[in-house]
Amino acid sequence: MNAAMGKICFVNCSTHEITEEILEPSFYESYLSGVGLGVAILRREKIAQVNPFSKDNMLGFVSGLLTGSGSVVTGRWMAVCKSPITGGWGDANCGGTLSLGIKQCGYDGIFFTGEFEKPSIFVCDETGPRIEDASLYWGLDAIESEEKLIEAFSTKKRCVVATIGQAGENGSLIATISNDRGRMAARSGVGFVMGQKKLKAVVLRGNEKVQVADRKKMGELSGEYSKKVRKLSLPHVVKGSMLPMFGKIMSKSKKAHMMDGILSAPIMKKYGTNFANTALMFAGDNPVKNWGGSARDISKEYMKQANPDRLLRKEVKKYHCSSCVIGCGAIIKTERLQESHKPEYETINSFGALLLNHDIDLIDDLNDLCNRAGIDTIAAGSTIAFAMECYQNQLMEESFWEGIECTWGNTEAITVLLNKMIRKEGIGNIFGDGVGVATRHIPNSQKFAMIAGNVEPGMHDPRFDPQLGVHFSADPTPGRHTIGSSQYYNYMRLWEQVSWAPKVKSGTPLSNEYQVSEENALKSMASTCIKSVVDGSGGCLFAMIMGLDHWPLFQWLNAATGWEKTADEYMIIGHRIALARQQFNVEAGIQPKSFLMNPRLYGVPAQSEGPNRGKSYDLNGMVEKHFEALGCSIDGIPLESTLNTLNL
Ligand code: SF4
């Protein structure tokens, strides 16, 4: 089989039985690999019907179809399960090196069911797959365990490791799975499911090669794309301190934000995602003060400290996920940290602007703490923001707070509460599972719970970009900021390859994006389908946003597999994957419309100041139209006819 390894592995943690299954080539033509493989297997095994907190839940590690094929920016892997947070479909996407590691072991996916009696690790090397005792590693943080496992299981060839930290071991619903010392599969509660199975780590060291149909073509396509990305660099005259101006200009514009997506490559190469912490603050994209504030609450000191040029000075080297030519990550060194992943935009915002914390350097430490403990920084920061608003509104007696003064921007409170959440100690038992669980313990707190379907959304504001709100509310994994937005759509220029994707012309009024319309529904559907293709291929969102007119995803898929599919045909596969995720939720008894986000997030009531002043929209109407475009009822239930057409 070209591109795929054609084989998956099942591990029954309860019986220690390890089995393999060969998949037919036609399977990959229906689902690609990655998230498509994950959802097809979990649906086949009827995981939607199991209790996500029981040992019957299944946890899968799946690689992308293009990983290892010679394509670039296609080395991402995903963890899949039934989410204990939503009770529905769960997946979490991660960079790092594990995707290639899975394929080098001869698999496209490794799936775990049951539960180990005592902490264990799964190892796959030249002797094949096996289970080993994890007592030496259980209790260690994610980075320490990874280092020790690499030392113990590497030969001349270094192994790759996915592991949980204390948050996963302690049963936090917002626990992550870590790979490559702090690249995180962070969402859907995947770290909780791994901890529940007492699976401390997955250790992989294989030598198998990925076969491709047309290696020459793969090389040509990759060479051309890599050359283009490498050539682009930010002119020296552009300084980090100028970036807020960019946001101010955006906030004044009445036209759809259009540009050639590839122009974001130089800024991502230089600053990584951190550029957005200041560049988009005045545009209204960065949530402030538990989504209730605005750029007006942000001090000059915050903007000075978050200046990406200043953050750049802490970098000791750039970080690239496997096969990536962009390299948006970095490793930093500070007075207190020897070596740590540079906090991403999301982390800086969730522990910074969202809490009115202006001490950006502290966020390096909080990020390291979260990476070690294996806890989702978006969810953790959002939960502290929720706690702060509950505290300010005196929803609980003073004694409830265990002496923590949860006032906006209180750095000591942030640090103490985060540590308690990780350890699930005292008040940490209430906040350590995220906002959704905490609301059950705090009467009248729902209005401060900035969630969609129990999930804390990514740090991009749907009042600034309404299509984000549609995906936050309609995706089977709600709150997900990586599916689509109007900006992503405009930058990726899908319409140049997909016949039915609406073209956005430059000069289109921005107000169109706030309307319930067929065109917007087709755009959100197109984003859903293409993101499913990207997630089936192991591609990175950032390459997608930089433009499918540059990043030759469809051409790579054909050259790697030998298929001769059109972009439209790949979009049908994306549609199938997306609807399989949706149908999983229906099979789990979830009403898709129940994921609608907190009204504050779509401007109800509208803000009276700041860049999103007066902005609100009919989220319900937009979500209903989106569901209809996908071939579902207005409530999000896939129609029988759609399921038949897509062979679901
Ligand atoms: S662009 Fe960044 S996140 Fe994406 S694959 Fe490259 S290094 Fe990883």
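So how strong a dipole does the chain carry about its Cα centre when Lys and Arg Cβ are +1 and Asp and Glu Cβ are -1, to the nearest 20 debye? All intermediate terms of the calculation are to be shown ahead of the outcome.
On the way: 69 positive and 70 negative charges, 357 e Å.
For this selection, approximately 1720 debye.
Considering only Pro552, Phe448, Pro478, whose Cα is most displaced toward the positive end of the charge dipole of the chain, charges sitting on Cβ of Lys, Arg (+1) and Asp, Glu (-1)?
Pro552
For Ala134, what residues show an amide H to amide H distance below 5 Å, using hydrogens built from the backbone and excluding near sequence neighbours?
Ser120, Ile121
To the nearest 0.05, how large is the calculated FRET efficiency for Arg313 and Lys505 if R₀ is 51 Å and r is the Cβ-Cβ distance?
So, using R0 = 51 Å, E works out to roughly 0.75.
Between Glu45 and Lys209, what FRET efficiency comes out of the Förster formula 1/(1 + (r/R0)^6) with R0 = 30 Å and r the beta carbon distance, rounded to 0.05?
Numbers: r = 29 Å, r/R0 = 0.97.
My answer for the efficiency is 0.55.
Taking 20 Å as the cut-off for C-alpha to C-alpha distance, list the pairs among Lys46/Lys82; Lys239/Lys314; Lys217/Lys503; Lys216/Lys565 that go past it. Let's see the in-between values first.
Numbers: Lys46/Lys82 10 Å; Lys239/Lys314 17 Å; Lys217/Lys503 29 Å; Lys216/Lys565 18 Å.
The pairs that break the limit, which is 20 Å between Cα atoms, are Lys217/Lys503.
Using the 10 angstrom Cβ neighbour count as an exposure proxy, how do Arg463, Arg230 rank, fewest first? Spell out each step's value before the answer.
On the way: Arg463 28, Arg230 12.
Ascending Cβ contact count within 10 Å gives the list Arg230, Arg463.
I want to verify the translational diffusion coefficient of region 499-648 in µm²/s; compute it with Stokes-Einstein, Rh as the Kirkwood radius over Cα pairs, at 10 °C and 1.306 mPa s. Intermediate values should be presented prior to the final figure.
Numbers: Rh = 17.2 Å.
Roughly 92 µm²/s, to the nearest whole number.
Could you tell me which of rounded, prolate or oblate describes the chain, using a ≥ b ≥ c as the square roots of the eigenvalues of the alpha-carbon gyration tensor, with rounded for a/c under 1.5 and, failing that, prolate when a/b is larger than b/c and oblate otherwise?
Numbers: a/c = 1.29, a/b = 1.10, b/c = 1.17.
Rounded shape, in that the Cα axes give a/c under 1.5.
With no solvent and one point per C-alpha, what does the Debye sum give as log10 I(q)/I(0) for region 14-117 at q = 0.12, 0.14 Å⁻¹?
Result of the Debye calculation: -0.40, -0.54.
Nearest 0.05, what FRET efficiency do Lys227 and Glu29 give at R0 = 35 Å with Cβ-Cβ as r?
Values: r = 31 Å, r/R0 = 0.89.
So, using R0 = 35 Å, E works out to roughly 0.65.
Quantify how much of the Cα-Cα distance distribution of region 263-448 extends past 24 Å, in percent.
For region 263-448, the fraction of Cα-Cα distances above 24 Å is 38 percent.
Can you run phi through the Karplus equation (6.51, -1.76, 1.60; θ = phi - 60°) for region 81-91 and list ³J(HN,Hα) in whole Hz, with x for Gly and Pro?
5, 7, 6, x, 7, 9, x, x, 4, x, 8
So if I place +1 on the C-beta of Lys and Arg and -1 on the C-beta of Asp and Glu, and nothing else carries charge, what would the dipole magnitude of region 240-392 be about its Cα centre? I want it in debye, nearest 20.
Details: 19 positive and 17 negative charges, 132 e Å.
Computed charge dipole of region 240-392: roughly 640 debye.
So what's the projected area for region 172-248, the Cα convex hull averaged over all directions, in nm²? Intermediate results must be reported in sequence, preceding the final value.
On the way: hull surface 42.8 nm².
For the Cα atoms of region 172-248, the hull's average projected area reads 10.7 nm².
Using label points projected 7 Å from each Cα along Cα→Cβ, tell me how many nm separate Leu263 and Leu136, to one decimal.
Distance between label points: 5.4 nm.
How long are the three semi-axes of the equivalent ellipsoid for region 586-648, computed from the Cα gyration tensor as the root of 5 times each eigenvalue, in whole Å, largest first?
Working: eigenvalues 202, 29, 10 Å².
The answer is 32, 12, 7 Å, longest axis first.
Going by average Cβ density within 10 Å per residue, which order do the peptides 294-302, 136-144 take, highest to lowest?
In decreasing order of mean packing, 294-302, 136-144 become 136-144, 294-302.
If packing is taken as the average number of other Cβ atoms within 10 Å across a peptide's residues, how do 556-563, 346-353, 303-310 rank, most packed first? Intermediate values should be presented prior to the final figure.
On the way: 556-563: 22.6, 346-353: 28.0, 303-310: 19.6.
In decreasing order of mean packing, 556-563, 346-353, 303-310 become 346-353, 556-563, 303-310.
Which one of Ile414, Ala40, Ala283 has its Cα pushed farthest toward the positive end of the charge dipole of the chain, where Lys and Arg give +1 and Asp and Glu give -1 at the Cβ?
The listed residue farthest towards the positive side: Ala283.
Anything over 18 Å Cα to Cα? Flag those among Lys197/Lys420; Lys157/Lys317; Lys523/Lys625; Lys103/Lys148, in the order listed.
Lys197/Lys420; Lys157/Lys317; Lys103/Lys148
Along the Cα-to-Cβ line of Glu339, 7 Å from the Cα, sits a label point; which residues in region 130-150 have backbone N less than 15 Å from it?
Inside the label zone: 143-150.
Neighbouring Cβ atoms within 10 Å as the yardstick, rank Arg187, Arg43, Arg372 fewest first. Before the final figure, lay out each step's value.
Working: Arg187 29, Arg43 17, Arg372 22.
By the 10 Å Cβ count, ascending: Arg43, Arg372, Arg187.
So for region 303-411, what percent of the C-alpha to C-alpha distances run longer than 23 Å? Walk me through the numbers before you get to the answer.
On the way: 2023 of 5886 pairs.
Roughly 34 percent, once rounded to a whole number.
Sorted by packing (mean other beta-carbon atoms within 10 Å per residue), highest first, where do 529-538, 385-394 land? Display every interim value, and only then the final one.
Values: 529-538: 29.0, 385-394: 21.4.
Answer by packing, highest mean first, reads 529-538, 385-394.
Obtain the radius of gyration and the Kirkwood radius of region 68-111 from its C-alpha atoms and give Rg over Rh. Spell out each step's value before the answer.
Details: Rg = 12.3 Å, Rh = 11.7 Å.
Rg/Rh: 1.06.
A short reminder: the numbers here are calculations on the coordinates, not readings from a lab. Not measured: the values here are computed from a predicted model. Note that each Cβ is placed from the backbone with ideal geometry, even for glycine, and that neighbours are counted across all protein chains shown.
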